[in-house]
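Scroll down for the structure; my scribbles are underneath it.
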Amino acid sequence: MSAATLDVARIQADFPILKRQVHGKRLVYLDSASSSQKPIQVLDAMDRVYRESYANVHRGVYTIAEETTAAYEAARGKVAKLLGAASAKEIVFTKNITEAINLVAYSWARANLRAGDAIVVTEMEHHANVVPWHILAAERGVELRWIPLTPDYQLDTTKLDDLLDGAKLLAVTAASNVLGTINDLRQLADAAHAAGARVLVDGAQAVPHFPVDVQAWDADFVGFTAHKMLGPSGIGGLWARPELLEEMPPFLGGGEMIREVTKEGFLPNEVPWKFEAGTMPIAEAIGLGAAVDYLSALGLDAVRAHEKSLTKYALDRLTDRFGDRLRIDGPRDIEVRGGTISMVLEGIHAHDVAQVVDEEGVCVRASHHCAKPLMRVLEVPATVRASLYVYNDEADVDALVEALSKAEQFFAI
Ligand SMILES: Cc1ncc(COP(=O)(O)O)c(C=O)c1O
């Protein structure tokens, strides 16, 4: 079924880690929503830069420094193309999306929000898109407002205009890391802009999984993180409208983010380097560039088609096997969801399930998934989350179903 959209066997061969065993069983990796595995193309690109041309970027005039600088900047261009940005200068590298959102919170938001202003977030946000706003709210007297969920785990926009009334920012995820829900960003952005609010999109669970076009979304800020999209940890970034990046004050001060420094003060560098203080994660940025090449070669449309068919297969198999004993917290309609499947197995704690499942070589996450406000809405402390990606196939889903059955039998005794 999924072979029609991606050649999964060929993809699996690119991921050395998938050849290993755990507890004598084939490794079945179903935790890509937390962090994806890395193909040999990414590992090679990072290895190559350290072996053949490593030097600091934007500092040396010698050949290998220029080679590394060119590769680092080429990675920025690849990301810009992937996101539909008009220019590579609209991409700021950060260490992850958490830092990208904090960059907006510390720079743009502190320059623009004051007591009495409101920020609208949603009940399905990751802590990375909640806590920076809590910190700001406590410091500035800013109000946080929450878009609730429908019974089908989508955003309930019936009171959206009221929530946006007087708001300066809508901070919303493109896709939930717990429910799998994919949000209609254009509708949200249009409503926010009509109310005079800016729109920040958490793209952590979107950019790896389906085509993203920041201009079609009409967003103002979009964050992403490389380690969830086949790239290394330690690198991520922010896309923002160029005029916003121009007017935003620097976030971190130090080397390379300046044009001039005197005893009296400093002049900031141009965008985007104004926001890239100190030595950046150089090999990681180049690894991200290789990950973007890999994903682009697969085609994000094909990635989405593969995940849709595999998600349907997984939802059907789980429902057939467990029926009402397994609660799936997320939409059933695969048109509005991705391959992140959160489950509560009747009467068994998520951590107990994950431990038994691990004995079968199956990696799932048992956690609040850094979404504690959402856990309260779902009225559970944690869920078991299986998340699908380009290297997963029906055999992986079958292994999950069998492992969950073992957990159910184990705890029934
Ligand atoms: C939706 C979402 N936003 C933000 C993050 C934070 O990503 P990072 O830890 O790479 O900053 C995650 C990671 O789980 C996520 O799923």
## Note on the structure
Taking the chain and counting helices only, DSSP H stretches of n ≥ 4 at -39,500 (n - 2.57) each over all residues, the nearest-500 ellipticity at 222 nm comes to -11500 deg cm²/dmol
### Query
Can you list residues whose amide H is under 5 Å from T181's amide H, if they're 5+ apart or on another chain and H is modeled 1.01 Å from N?
S176, G338
### Query
Any idea how far the Cα center of segment 267-293 sits from the one of segment 148-180, in Å?
32 Å
### Task
Would you please give the residues with an amide H less than 5 Å from that of A366, counting only those at least 5 places away or on a separate chain, with H modeled from the backbone geometry?
R385
### Query
What whole number of Å gives the distance from the Cα centroid of segment 216-250 to the Cα centroid of segment 9-40?
28 Å
### Task
Please identify every one of the trypsin sites (Lys or Arg not before Pro) in segment 110-156 that sits in a loop by DSSP and has no more than 13 other beta carbons within 10 Å of its own beta carbon.
R114
### Query
What size of dipole, in debye to the nearest 20, comes out for the chain about its Cα centre when the only charges are +1 on Lys and Arg C-beta atoms and -1 on Asp and Glu C-beta atoms?
580 debye
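What accessible area per residue comes out for segment 173-291, rounded to a whole number of Å², with a 1.4 Å probe?
34 Å²
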### Task
Round to the nearest 10 and give me the degree value, 0 to 90, for the angle of helix 131-140's Cα axis relative to the longest principal axis of the chain.
50 degrees
### Message
On a full-extension model of 0.36 nm per residue, what is the gain between A13 and D213, subtracting their alpha-carbon distance, rounded to one decimal in nm?
### Response
69.0 nm
### Query
Relative to the Cα centre, what is the charge dipole magnitude of segment 275-413, using +1 at the beta carbon of each Lys and Arg, -1 at the beta carbon of each Asp and Glu, and rounding to the nearest 20 debye?
440 debye
### Task
Run the numbers on segment 115-264 and let me know its relative contact order in percent, using alpha-carbon pairs under 8 Å that are six or more apart.
17 percent
### Query
Longest exposed-loop-site-free stretch of the chain, with GluC sites (Glu not before Pro), DSSP loop and at most 16 other Cβ within 10 Å?
1-255
### Summary
Where a ≥ b ≥ c are root eigenvalues of the Cα gyration tensor, a/c under 1.5 meaning rounded, otherwise prolate if a/b exceeds b/c and oblate otherwise, the chain counts as oblate
### Query
Just in segment 29-77: which trypsin sites (Lys or Arg not before Pro) are loop by DSSP and have at most 13 other Cβ atoms within 10 Å?
R59
### Query
Where the accessible area of segment 43-297 is counted over protein heavy atoms with a 1.4 Å probe, how much of it, in %, is carbon and sulfur?
52 percent
### Query
What residue among A55, V212, H134 has its Cα farthest toward the positive end of the dipole of segment 43-297, where the charges are +1 on Lys, Arg and -1 on Asp, Glu, each on the Cβ?
A55
### Task
Would you list which lysines come within 22 Å of K312, measuring only between C-alpha atoms, while excluding same-chain residues fewer than 8 positions from it?
K228
### Task
Could you name the lysines whose alpha carbon sits less than 27 Å from that of K168, not counting residues in the same chain fewer than 8 places away?
K89, K95, K159, K274, K372
#### Entry: Whole-number percent relative contact order across segment 43-297, with pairs defined as alpha carbons under 8 Å at least 6 apart
24 percent
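Could you please report the charge total around V120, scoring K, R as +1 and D, E as -1 over all other residues with beta-carbon less than 12 angstrom from its beta-carbon?
-3
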### Message
Between R20 and H351, what's the calculated FRET efficiency when r is the beta-carbon distance and R0 is 22 Å? Round to 0.05.
### Response
0.40
### Query
What is the local net charge at A171, summed over the other residues whose Cβ is closer than 14 Å to its Cβ (Lys, Arg +1; Asp, Glu -1)?
-3
### Amide H partners (placed H, <5 Å) of H58, local residues excluded
T69
### Task
Work out, step by step, the length gained on full extension between E243 and E264: first 0.36 nm times the residue separation, then minus their alpha carbon distance; give nm to one decimal.
4.8 nm
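The values are calculated or read from the model by the stated rules, or taken from the named source; none is laboratory data. Predicted model only: the values in this text are computed from it and were never measured. All Cβ positions, even for glycine, are placed from backbone atoms using ideal geometry, and neighbour counts span all protein chains on display. Ligands, DNA and RNA are stripped out before the accessible areas are found, and what is left, the full protein with its side chains, is counted by its heavy atoms. Shrake-Rupley method; radii C 1.70, N 1.55, O 1.52, S 1.80 Å.
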